[in-house]
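Heads up, the thing below is written out as structure tokens.
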Amino acid sequence: MDRIRIRGGKPLEGEIRISGAKNAALPLMVACLLTDEPLKLLNIPHLADITQLASLLAQLGVEINMSGETGHEAEAGRVLTLTARQIASTTAPYEIVRKMRASFLVSGPLLARCGRAEVSLPGGCAIGDRPVDLHLKALEALGARVTLNDGYVIAEAPYGLKGARIDFPMASVGATENALMAASLAQGETLISNAACEPEIGDLGRCLIAMGARIEGLGTPTIRVSGQDKLRGATHRVLPDRIEAGTYALAPVIAGGRIKLMGAQMSTIASLAPILRALDVDLSEEEDGVTVSGNGDKRGEVDVTTEPYPGFPTDLQAQLMALLCTVQGTSQITETIFENRFMHVPELGRMGARISVNGQVATIEGVKSLTGAPVMATDLRASVSLVLAGLAAEGETIVHRIYHLDRGFERIEEKLGKCGADIVRLKD
Ligand code: UD1
């Protein structure tokens, strides 16, 4: 299995192009199931999760064409053209869904287009239980009959879905996306209340509108969808990845130096910017990107709680913790989204971090310096926090199990290496 080796202590200087958002690209790819015409997606990141979802869509009968973007530098995003002329299968098998929960999103579009979807339950994952009850509640509200059989959800609506009120008891990104796609092809009007407001949902909604859907209220907790008989093909550019941007914004703060996040705007790192400013980090925005300059001396006390958007994202929690390990003072992070998302804590501890966890709350006492160590990646965001910690640590850090990293961070060793980090991928 590949590993990443980092020799820490090198200040960073340079530019990093922020890729298209994984969490927008995945639902956007699924949206191709709603039409028999081609859906062309630009700025698709080159990630294992994208390849995985493409292989599921291919099994369902989608023709897929991948090419590079012309007229851009070599590292620009991909162009993916997805054509679901005919749906060959309405079954999403366990082998794929268990590896990537986002593949559960095919249930709504398959049901809306074909009247049936058979999708494996994703099961738990390392960061918690992660049920899909809210997805099922939405599909049932739209008139589907949902049964469970041998670990599979079977959703049926032989006469089509009907617009309805969907009241989510709590905001869920995936369930909102699933409901939005299904409602776009339902008969009549759907009102989704307590919808999640994450920017990636807005990106999906804008693409659906380009495909002919009628949607109001994107970015607010109340979304109104007027269902259409048919949707058409469209071309859509995926928005920049705010989690990748936030992660690389933290890199020069933790390691020292200055990085320009190309293609990002201040709004891309909106939840992180006030925390960085409070730590005296210099942020400046230009037309083509945001520059982050670390100030060397890190001092301060941060108290952050993860929350649905526009609150601080759970997907940046581990990375922020890596930084706080090296900030003089006592900081606190409360994780409210997933129950088991502190698995990076013992690994950071192996590098000399002083963190104690009490339930949902981690208390971090900044140390003067971290020391390199062999560490194990446990999930996607945890793995990148170990890379960040490695950049600051004295000596050598080897991050094992980096297949987690490859799911969500495109060519991380190249991007950081170009800015002066001593980071290499070791192949077995
Ligand atoms: C998405 C993101 C993920 C991010 C998460 C929270 C994608 C592909 N993934 O995941 O990176 O960490 O949002 O910002 O966009 N829940 C239920 N029942 C459900 C669905 C969710 O109880 O049917 C719970 C979850 O267990 C969790 C909370 O709701 O505690 C939020 O989950 P949700 O917003 O659905 O996350 P995902 O869409 O899975």
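Here are some notes:
- Extreme residue, nearest to residue 402 (Cα to Cα), among residues of the range 335-348 that are over 20 Å from the mean Cα position of the chain (by Cα) and open to solvent by less than 40 Å² (accessible area, probe 1.4 Å): 347
- Look at (1) farther than 27 Å from residue 341 by Cα; (2) more than 12 Å from the ligand (Cβ to nearest atom) and you find that residue 139 fails only one, number (2).
- Enumeration of residues in the range 5-63 that are within 15 Å of residue 100 (Cα to Cα) and open to solvent by 50 Å² or more (accessible area, probe 1.4 Å): 23, 51, 55
- In the range 22-45, the condition of being farther than 30 Å from residue 156 by Cβ, in contact with a Pro (Cβ under 6 Å, 6 or more places away or on another chain), more than 16 Å from the ligand (Cβ to nearest atom) and not charged (D, E, K, R) is met by no residue.
- Some residue of the range 24-31 being over 19 Å from the mean Cα position of the chain (by Cα) and not aromatic (Phe, Trp, Tyr): no
- Per-region count, the range 211-262, residues assigned to a loop (DSSP other than H, G, I, E, B), farther than 30 Å from residue 282 by Cβ and open to solvent by less than 40 Å² (accessible area, probe 1.4 Å): 7
- Applying a threshold of 6 Å to beta carbon distances and a minimum spacing of six or more residues, or different chains, the list of pairs starting in the range 202-225 at a residue that is touching a residue at least 40 places away in the same chain (Cβ under 8 Å) and ending at one that is acidic (Asp, Glu) reads 204/177.
- The range 366-418: number of residues that are more than 21 Å from the chain's Cα centre (by Cα), part of a loop (DSSP other than H, G, I, E, B) and surrounded by 24 or more Cβ atoms within 10 Å (Cβ to Cβ): 2
- Selection of the range 271-295 for residues being of a type in the set (A, V, I, L, M, F, W, C) and surrounded by 15 or more Cβ atoms within 10 Å (Cβ to Cβ) yields 272, 273, 275, 276, 279, 281, 283, 290, 292.
- Against the conditions (1) modelled with pLDDT of 95 or more; (2) assigned to a loop (DSSP other than H, G, I, E, B), residue 81 satisfies every one except (2).
- Residues of the range 264-320 that are in a strand (DSSP E or B) and more than 16 Å from the ligand (Cβ to nearest atom): 282, 283, 284, 285, 286, 289, 290, 291, 292, 293, 299, 303.
- Residues within the range 369-393 that are farther than 19 Å from residue 247 by Cα and in contact (Cβ under 8 Å) with a residue 40 or more places away in the chain, tallied: 2
- For the residues 423, 355, the requirement of being over 21 Å from residue 7 (Cα atoms), more than 23 Å from the chain's Cα centre (by Cα) and away from the ligand (no atom under 16 Å from the Cβ) singles out 355.
- Filtered residue count, the range 166-207, keeping only those that are at negative phi, polar (S, T, N, Q) and within 12 Å of the ligand (Cβ to nearest atom): 3
- Meets criteria (closer than 30 Å to residue 312 by Cβ, of a type in the set (A, V, I, L, M), modelled with pLDDT of 95 or more and more than 16 Å from the ligand (Cβ to nearest atom)) for residue 239: no
- Residue pairs whose Cβ atoms lie under 8 Å apart, sitting 6 or more positions apart in sequence or on different chains, and linking a residue in the range 296-311 that is at positive phi to a partner that is open to solvent by less than 70 Å² (accessible area, probe 1.4 Å) and hydrophobic (A, V, I, L, M, F, W, C), are 300/279; 300/327.
- Members of the range 321-340 found to be within 16 Å of the ligand (Cβ to nearest atom) and without any contact (Cβ under 8 Å) to a residue 60 or more places away in the chain, listed by number: 333, 334, 335, 336, 337
The values are calculated or read from the model by the stated rules, or taken from the named source; none is laboratory data. Owing to the predicted nature of the structure, the values given are computational and were not obtained by experimental measurement. Counting neighbours? That spans all protein chains shown, and the Cβs are built from the backbone with ideal geometry, glycine included. What goes into the accessible areas is simple: the full protein's heavy atoms, side chains included, and nothing from ligands, DNA or RNA. Shrake-Rupley method; radii C 1.70, N 1.55, O 1.52, S 1.80 Å.
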